[in-house]
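The values are calculated or read from the model by the stated rules, or taken from the named source; none is laboratory data. Please read all numbers here as calculations on a predicted model, not as lab measurements. Counting neighbours? That spans all protein chains shown, and the Cβs are built from the backbone with ideal geometry, glycine included. All accessible areas refer to the heavy atoms of the entire protein, side chains included, with ligands and DNA or RNA removed. Shrake-Rupley method; radii C 1.70, N 1.55, O 1.52, S 1.80 Å.
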Amino acid sequence: SALGTMVYSPQGSAPLAQSLAELLQSQAKEVVPPRYKLVCHVLLGQQGQQSLLVASRALWDPESDSFASATFSNASLFAVATVHGVYFE
């Protein structure tokens, strides 16, 4: 909902990605137990005739660590957001 009908702008994409990552982190902190460290990653790009594959790799404990990912696109831009939650002892 934060992106809605937003139009892609090369100059505005970096601050937008940063604000989206901060928004995701603040919302995730409300529902994640306090012993978890969060890593938020947002990728923004201009919608065109390209294709994109986003992947990540991490060394973690599959019993306690996890992630969530979401995508958004409209006629002007696309966004891929990933939040990793890593248990911190």
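For the reader, a short list of remarks on this structure follows.
- Cβ-Cβ distances below 9 Å connect the following pairs, each with a first residue in region 62-89 that is open to solvent by less than 60 Å² (accessible area, probe 1.4 Å), a second residue that is among the acidic types (Asp, Glu), and a separation of six or more residues or different chains: His84/Asp65; Gly85/Asp65; Val86/Asp61; Val86/Asp65.
- Residue count, region 1-14 (criterion: more than 15 Å from Ala70 (Cα to Cα) and surrounded by 10 or more Cβ atoms within 10 Å (Cβ to Cβ)): 7
- Taking region 60-77 as the range and being closer than 20 Å to Val42 by Cβ and aromatic (Phe, Trp, Tyr) as the test, the residues that pass are Phe67, Phe72.
- Taking the numbered list (1) closer than 18 Å to Gly85 by Cα; (2) touching a helix residue (DSSP H, G or I) at 6+ places or on another chain (Cβ under 8 Å) in turn, Leu44 passes all entries but (1).
- Enumeration of residues in region 41-56 that are modelled with pLDDT under 90, under 15 Å from the mean Cα position of the chain (by Cα) and either closer than 25 Å to Glu30 by Cα or of a type in the set (Gly, Ala, Ser) (or both): Ala55, Ser56
- For region 19-46, a residue qualifies if it is without any contact (Cβ under 8 Å) to a residue 24 or more places away in the chain and either surrounded by 11 or more Cβ atoms within 10 Å (Cβ to Cβ) or under 20 Å from Phe78 (Cβ atoms) (or both), and the qualifying residues are Ser19, Glu22, Leu23, Ser26, Gln27, Lys29.
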